[in-house]
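Notes follow the structure.
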């Protein structure tokens with residue numbers, strides 16, 4: 001490998017880290033809701049999309065992307081709270097199939113609402129000048145400043161979440177709810193409010209991921225439908241209901257997906273014809289994360305870091 005290849009490897013590793021952190025933001029909310037509320041929320045990706053659209057509108061309104069994020073977060077939390085009160089709460093006692101069908105219907109409703117409010121085209125979010133440049137981390141390794149910001153915000157949010165789950169009263173209730181919700185309710189904890197808070201927190205995290213990715217990909221209808229599948233892969237690999245699992249799973253999937261797409265055809269060239277490698281590479285790299293999920297399900301069906309169940 002030459003100097004250039006190392007630069008490429010470093011840049012792709014950073015891209016993988018960035019993708020992993022965005023996936024963690026989506027997957028952490030998904031794993032909280034799935035692990036604690038035992039609620040399969042397919043529409044979690046729609047909250048990611050709404051976060052992006054709300055942030056886009058606010059960016060044009062206030063003229064500053066970062067202020068728009070700060071304003072959009074509580075709005076996304078309120079949308080999540082509204083979804084919990086109106087739709088999710090009625091489905092908690094139903095089986096998973098009803099929840100899947102109900103939240104799939106919600107995806108269609110929210111996608112159409114976004115279409116009505118913002119129109120069919122996506123919205124590109126302009127970045128402030130100081131975020132729009134590039135930064136040279138090492139000689140020959142240049143990456144956009146904004147990607148560094150995503151990594152920093154993602155890591156800070158991950159640390160904040162770990163602190164919340166492990167060292168606060170709410171976190172203690174969240175952990176208790178994940179391992180034995182009947183006991184939590186029996187102890188006189190207001191489980192309805194706890195569930196609403198967890199749901200709103202999950203929505204906010206998904207919304208934040210949408211806001212961070214929108215300047216790169218633009219806010220578009222259906223943007224959440226791809227990310228939700230990958231987020232489910234993350235929580236199955238990490239262990240449903242586990243914050244640590246969501247983080248490790250997201251990092252693994254983000255890095256494997258990004259590095260796989262970049263380097264797998266080179267690896268195949270070592271033992272097959274170049275032409276065959278170039279056609280097989282992209283096909284296998286698209287399947288890689290699902291192959292890993294299948295492997296985890298085969299050998300550790302509860303995931304790599306399942307929560308302690310009592």
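The values are calculated or read from the model by the stated rules, or taken from the named source; none is laboratory data. Quick caveat: nothing in here was measured; it's all calculated off a predicted structure. Cβ sites come from the backbone with ideal geometry, for glycine too, and all protein chains shown count toward neighbours.
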Flagged in the range 285-298 as more than 30 Å from residue 172 (Cα to Cα) and surrounded by fewer than 15 Cβ atoms within 10 Å (Cβ to Cβ), in numbering order, are 286, 287, 290, 291, 294, 295, 298
* Asked: Being under 16 Å from residue 45 (Cα atoms) and modelled with pLDDT of 90 or more, is that true of even one residue in the range 255-274?
  -> no
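Mind listing just one residue for me: the one in the range 123-134 that is under 16 Å from residue 216 (Cβ atoms) and more than 24 Å from the chain's Cα centre (by Cα) and, of those, modelled with the lowest pLDDT? Steps first, please.
Step one: list which residues in the range 123-134 are under 16 Å from residue 216 (Cβ atoms), which gives 123-128, 131-134.
Within this subset, residues satisfying the condition of being more than 24 Å from the chain's Cα centre (by Cα) are 128, 133-134.
On the way: 128: 85, 133: 82, 134: 85.
Selected residue: 133.
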Cβ pairs under 9 Å, 6+ apart or interchain, first in the range 192-221 and under 17 Å from residue 241 (Cα atoms), second part of a loop (DSSP other than H, G, I, E, B), ordered by first then second residue, are 195/39; 195/92; 199/39; 199/41; 202/41
Taking the range 169-199 and keeping only residues that are surrounded by fewer than 21 Cβ atoms within 10 Å (Cβ to Cβ) and at pLDDT 90 or above, one is left with 196, 197
